[in-house]
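Read the structure below first, then the notes.
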Ligand code: M3P
Ligand code: FE
């Protein structure tokens with residue numbers, strides 16, 4: 001019961017054709033449909049629901065909304081009550097508001113990001129099917145990402161003004177949506193300020209993460225790969241396609257992910273990463289990163305904080 005996993009991200013892009021080319025050729029998603037308004041819907045080969053990425057033509061980059069799938073339709077009613085009781089307003093968007101998708105519960109996180117929950121999306125199957133499946137399909141392109149795995153949202157953090165949307169979002173996700181905290185970054189006097197958090201519903205180290213910054217935005221959406229070798233190959237694909245790489249392959253201390261960051265043509269940051277990190281469990285002790293070791297948390301090898309990594313986002 002409750003939230004299963006991330007379902008899709010809806011992104012604003014400035015040049016739809018260039019964006020589609022990027023997500024298809026570099027990451028390996030396929031476009032499954034376009035609607036009359038000109039939005040493109042894409043999916044990864046190892047996903048079974050109709051789409052996990054919506055690209056919306058716009059005059060700027062950024063996130064429209066992030067959607068999570070719940071197990072049963074009635075979970076939406078239960079969660080609506082809990083979310084409203086927590087103090088967040090919600091509304092239902094009727095079935096068909098998004099193609100092939102059932103009714104959606106829409107609300108804003110305390111940080112302002114739009115989130116939607118839904119129970120139904122058309123089942124189309126993975127590219128290898130369910131009967132005697134091959135480990136991967138023949139027509140894999142580019143990085144061949146398996147699935148949309150998580151998103152990292154930037155939230156307003158201004159301790160001088162008493163604003164900490166990381167902490168508020170984290171409490172909301174735990175108390176209203178039953179996520180559990182896996183890792184956190186504590187800064188400031190006696191490490192009293194929760195400046196970043198990683199939260200899970202599944203058994204992976206995070207299904208969503210929040211990092212404090214000057215304003216609300218999207219830091220990245222991340223796609224899953226099997227192995228470190230696949231991350232290296234993903235970087236090769238990016239070099240071949242002149243993709244703007246943000247951080248070359250390395251490892252996070254936080255979540256233990258093996259990772260590369262890069263930008264889509266509109267400047268939305270993407271991550272392809274490998275390694276399930278560890279088996280996240282509700283009773284697993286929370287990992288805390290202190291301000292003096294924050295660099296190692298983000299980039300484990302060098303331990304160097306790269307300002308552009310947290311300062312540049314859409
Ligand atoms: C991840 C991850 C930051 C750390 C990011 C970590 C932005 O993206 O997948 O573990 O500080
Ligand atoms: Fe990530």
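With a simple spin-label model that places each label point 7 Å from the Cα along the Cα-to-Cβ direction, the separation between residue 302 and residue 228 comes to 1.9 nm.
Here the ratio of the Cα radius of gyration of the chain to 2.2 N^0.38 Å is 0.95. When both bridge partners sit in region 1-105, DSSP labels roughly 75% of those beta bridges antiparallel.
Here the average projected area of the convex hull drawn through the C-alpha atoms of region 144-187 stands at 4.5 nm². Relative to its Kirkwood radius, the Cα radius of gyration of region 254-314 gives an Rg/Rh of 1.01. Were the residues from residue 82 through residue 160 laid out at 0.36 nm apart, the gain over their Cα-Cα distance would be 25.0 nm.
A viscosity of 0.890 mPa s and a temperature of 25 °C, combined with the Kirkwood radius over Cα pairs in Stokes-Einstein, give a translational diffusion coefficient for region 189-241 of 173 µm²/s.
Considered as an equivalent ellipsoid built on the Cα gyration tensor, region 1-94 has semi-axes of 28, 16, 11 Å, the largest given first. When shorter helices are ignored and each DSSP H run of at least 4 residues is given -39500 (n - 2.57), the per-residue value for the chain at 222 nm works out to -5000 deg cm²/dmol.
In terms of its C-alpha gyration tensor, region 184-288 has an oblate overall shape, because the principal axis ratio a/c (a ≥ b ≥ c, square roots of the eigenvalues) is not below 1.5 and a/b does not outweigh b/c.
Counting DSSP beta bridges with both partners in the chain, what percentage is antiparallel, nearest 5? DSSP beta bridges in the chain are roughly 70 percent antiparallel. Computed over region 50-96, the P(r) tail beyond 17 angstrom holds 52 percent of alpha carbon pairs. Out of every Cα-Cα pair that region 61-160 contains, those further apart than 17 angstrom amount to 65 percent. Each principal axis of region 133-252 carries a Cα extent, and these read 52, 33, 23 Å when sorted largest first. Applying 1/(1 + (r/R0)^6) with R0 = 30 Å to the Cβ-Cβ distance of residue 131 and residue 281 gives a FRET efficiency near 0.40.
The calculated FRET efficiency for residue 171 paired with residue 293, based on their beta-carbon distance and R0 = 22 Å, is about 0.35.
Extension gain for residue 244 to residue 215 (0.36 nm times residue separation, less C-alpha to C-alpha distance): 8.1 nm. Comparing mean-square fluctuations of 95, 291, 161 from a GNM of the chain with C-alpha springs under 10 Å, the top value falls on 161. Stretched out straight at 0.36 nm per residue, the stretch from residue 93 to residue 21 would grow longer than its current Cα-Cα span by 22.9 nm.
Where a number appears in this text, it was derived from the coordinates with a stated rule and is not lab data. This one's a predicted model, so the numbers in the text were calculated from it and none came from an experiment. Positions of Cβ are generated from backbone atoms using ideal geometry, with glycine treated the same way; all protein chains shown enter the neighbour counts.
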